[in-house]
1. Test Leu39 against the stated conditions and say whether it is free of Cβ contacts under 8 Å to residues at least 40 places away in the same chain and either part of a helix (DSSP H, G or I) or touching a Leu at 6+ places or on another chain (Cβ under 9 Å) (or both).
2. Does Ile13 count as without any contact (Cβ under 8 Å) to a residue 12 or more places away in the chain and assigned to a loop (DSSP other than H, G, I, E, B)?
3. When you scan segment 45-64, do you find a residue that is in contact with a strand residue (DSSP E or B) (Cβ under 7 Å, 6 or more places away or on another chain) and charged (D, E, K, R), even just one?
4. So Lys110 ticks every box in (1) exposed (fewer than 15 other Cβ atoms within 10 Å of the Cβ); (2) farther than 19 Å from Leu4 by Cα; (3) at pLDDT 95 or above but one. Which box is left unticked?
5. Please verify whether Ala34 is part of a helix (DSSP H, G or I), more than 11 Å from the chain's Cα centre (by Cα) and not hydroxyl-bearing (Ser, Thr, Tyr), treating the condition exactly as stated.
6. Restricting to segment 19-29, and then to whatever is surrounded by fewer than 17 Cβ atoms within 10 Å (Cβ to Cβ) and in contact (Cβ under 8 Å) with a residue 12 or more places away in the chain, can you tell me which residue is nearest to Lys106 (Cα to Cα)?
7. If I ask for residues that are closer than 19 Å to Val101 by Cα and among the small types (Gly, Ala, Ser), which ones from segment 2-31 would you list?
8. If I ask for residues that are surrounded by fewer than 18 Cβ atoms within 10 Å (Cβ to Cβ) and at pLDDT 95 or above, which ones from segment 1-14 would you list?
Amino acid sequence: MDCLFCKIIAGEIPSTRVYEDEDCILIKDINPQAKIHYLLIPKGHFEDIGDIAHKDPDLLSRCLSKITALADSLGLEGGYRLVTNKGKNGCQSVKHIHIHVLGGEKLSEKMS
């Protein structure tokens with residue numbers, strides 16, 4: 001499989017990992033859109049939010065719970081935004097579910 005995130009998970013492509021467990025990794029985004037910008041990437045390959053929600057909703061729940069548990073230690077005490085893109089119209093650039101975790105500052109109220 002020629003998946004960018006699968007290669008990052010396997011260590012074939014370097015990344016700045018800030019957290020890892022049996023379910024997922026959390027890395028710094030290489031093109032940050034906020035003062036703090038991480039990507040939470042489940043280790044299992046699922047194409048998008050719909051795919052993981054259908055095939056393994058428990059994994060999705062565990063991943064979201066980890067963000068909540070780690071928020072303060074990641075500098076997100078004041079709040080954060082979670083974003084996942086799905087499909088062409090949602091501007092999904094990598095066909096592997098990943099959740100953008102943005103914060104560390106007051107974010108725009110207008111979503112682009």
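1. Working: free of Cβ contacts under 8 Å to residues at least 40 places away in the same chain: no; either part of a helix (DSSP H, G or I) or touching a Leu at 6+ places or on another chain (Cβ under 9 Å) (or both): yes.
The answer is no for Leu39.
2. Spelling it out, Ile13 is indeed without any contact (Cβ under 8 Å) to a residue 12 or more places away in the chain and assigned to a loop (DSSP other than H, G, I, E, B).
3. Taking segment 45-64 and keeping what is in contact with a strand residue (DSSP E or B) (Cβ under 7 Å, 6 or more places away or on another chain), we get 52, 59, 63.
Of the ones still in play, those that are also charged (D, E, K, R) are none.
Checking segment 45-64: not a single residue is in contact with a strand residue (DSSP E or B) (Cβ under 7 Å, 6 or more places away or on another chain) and charged (D, E, K, R).
4. Only one criterion in (1) exposed (fewer than 15 other Cβ atoms within 10 Å of the Cβ); (2) farther than 19 Å from Leu4 by Cα; (3) at pLDDT 95 or above is unmet by Lys110, namely (3).
5. Details: part of a helix (DSSP H, G or I): no; more than 11 Å from the chain's Cα centre (by Cα): yes; not hydroxyl-bearing (Ser, Thr, Tyr): yes.
Criteria not met by Ala34.
6. Filtering segment 19-29 down to residues surrounded by fewer than 17 Cβ atoms within 10 Å (Cβ to Cβ) leaves 19-22, 28.
Restricting the remaining residues to those that are in contact (Cβ under 8 Å) with a residue 12 or more places away in the chain gives 19, 21-22, 28.
Numbers: Tyr19: 24, Asp21: 29, Glu22: 32, Lys28: 19 Å.
Looking at the filtered set, the residue picked out is Lys28.
7. If the condition is that a residue be closer than 19 Å to Val101 by Cα and among the small types (Gly, Ala, Ser), then Ser15 is the only one that fits.
8. Of the residues in segment 1-14, the ones surrounded by fewer than 18 Cβ atoms within 10 Å (Cβ to Cβ) are 1-4, 6-7, 10-14.
Across segment 1-14, the qualifying residues are Cys3, Leu4, Cys6, Lys7, Ala10, Gly11, Glu12, Ile13, Pro14.
The values are calculated or read from the model by the stated rules, or taken from the named source; none is laboratory data. Please read these numbers as outputs of a predicted model, since none were measured by experiment. Here Cβ is always computed from backbone atoms with ideal geometry, including for glycine, and neighbour counts include all displayed protein chains.
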